[in-house]
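The values are calculated or read from the model by the stated rules, or taken from the named source; none is laboratory data. It should be emphasised that the depicted structure is a prediction, and the values quoted were computed from it without experimental measurement. Every residue, glycine among them, receives a Cβ derived from its backbone with ideal geometry; neighbour counts consider all protein chains shown. Accessible surface areas use protein heavy atoms only, side chains included; no ligands, DNA or RNA. Shrake-Rupley method; radii C 1.70, N 1.55, O 1.52, S 1.80 Å.
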Amino acid sequence: MKARELAVAGAYEFIPEIFPDDRGLFVSPFQHAAFEAAAGHPLFPVRQTNHSRSRRGVVRGVHYTVTPPGTAKYVYCPQGRSLDIIVDVRTGSPTYGRWEAVMLDPAEFRCMYFPVGVGHAFVALEDDTVMSYMLSEAYTPEHELALSALDPELGLPIPEELGEPIVSPRDGAAPTLEEARRAGLLPSYAASQAVERALWDR
């Protein structure tokens, strides 16, 4: 498995080896030894797994979690094609405001690790795009916050050829990054780091 550190501090992309044969293929999207070698710490104990399916043009996010409690994620796309985007919304982070986008699909089975406190968005590039998540905490609605994926200051790479983005009412009404910062809604880098370190010792 290959690994690459992303432009957001503490985030990684993983590319597993795929073993095809005349029956189909075999792949391991998560491998503990490869993860620990790249990240320098173990993956969090998994508290919940999620599965979403989206039609072409759907934009989900930018979603993040109140920290503490915070949530880390490990994500891949087993069906369809997704432009997956990580955004650093942690105030005080050395990479605050930066983002990186990675194409996720079942051709390469690239995976992304989202550390505690960062934002997550994705664009479904095909109908029936499936996203699979492992989470460090159970989903708690009152802890989940959103930023606008259409924030011009962020400039996320949402393809114009998809037409008008399909977003939920909550995501459509979400504030910009700067509005959320001024309102005190963003997690701090220090708090995010403290929560993440505690996950390793569970």
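Positive-end ranking of Ser136, Leu150, Phe109 along the dipole of the chain, with charges on Cβ about the Cα centre, is headed by Ser136.
Stretched out straight at 0.36 nm per residue, the stretch from Arg170 to Trp200 would grow longer than its current Cα-Cα span by 7.6 nm.
Where does the charge balance sit around Met1 when Lys and Arg score +1, Asp and Glu -1, over other residues with C-beta under 12 Å from its C-beta? Surrounding charge for Met1 is -1. Accessible area per residue for segment 54-98 is 33 Å², calculated with a 1.4 Å probe on protein heavy atoms, without ligands, DNA or RNA.
For the chain, which whole-number percentage of the solvent-accessible area (1.4 Å probe, protein heavy atoms only) is attributable to carbon and sulfur atoms? Using a 1.4 Å probe with all protein chains present, the chain comes out at 51 percent carbon and sulfur.
Between the beta carbons of Leu162 and Arg98, assuming R0 = 22 Å, the FRET efficiency works out to 0.40 to the nearest 0.05. Take 185-196, 49-60 and order them by the average number of nearby Cβ atoms within 10 Å per residue, most first; the result is 185-196, 49-60. Charge tally around His41: other residues with Cβ under 14 Å, Lys/Arg +1 each, Asp/Glu -1 each, net -2. The protection proxy used here, the mean number of other Cβ atoms lying within 10 Å of each residue, ranks peptides 137-146, 170-179, 2-11 as follows, highest first: 2-11, 170-179, 137-146. Using the rule -39500 (n - 2.57) for each DSSP H run of four or more residues, divided by the residues of the chain, the 222 nm mean residue ellipticity is -4000 deg cm²/dmol. Rounded to the nearest 20, the size of the Cβ-charge dipole of the chain about its Cα centre is 480 debye, with Lys and Arg at +1 and Asp and Glu at -1.
Placing R0 at 22 angstrom, the Cβ-Cβ distance between Glu36 and Ile15 gives a FRET efficiency of 0.85 after rounding to 0.05. Expressed as a whole percent, how much of the Cα-Cα distance distribution for the chain exceeds 30 Å? Value for the chain (Cα pairs over 30 Å): 17 percent. Distance from the C-alpha centroid of segment 140-202 to that of segment 45-59: 16 Å, rounded to the whole angstrom.
Between Val46 and Ala190, the distance separating the two model label sites (each 7 Å from Cα on the Cα→Cβ line) works out to 3.5 nm. Overall, the anisotropy analysis places segment 74-151 in the prolate class: the square-rooted eigenvalues a ≥ b ≥ c of its C-alpha gyration tensor yield a/c not less than 1.5, with a/b exceeding b/c.
Its Kirkwood hydrodynamic radius, worked out from the mean inverse distance over all distinct Cα pairs, puts segment 1-108 at 15.8 Å. Remark: segment 12-51 carries 62 Å² of accessible area per residue (probe radius 1.4 Å; ligands, DNA and RNA excluded). Using every pair of separate Cα atoms, the Kirkwood estimate puts the hydrodynamic radius of segment 136-179 at 12.2 angstrom. In this Cβ point-charge picture (+1 for Lys and Arg, -1 for Asp and Glu), segment 93-192 has a dipole of about 540 debye about its Cα centre. Across all directions, the average projected area of the convex hull around the alpha carbons of segment 124-202 is 7.3 nm². Based on Cα contacts under 8 Å between residues 6+ apart, the chain shows a relative contact order of 29 percent.
Taking each residue as 0.36 nm, the span from Arg182 to Arg56 lengthens on full extension beyond its C-alpha to C-alpha distance by 42.0 nm. Of the peptides 150-160, 85-95, the order by per-residue mean of other Cβ atoms within 10 Å, starting with the highest, comes out as 85-95, 150-160.
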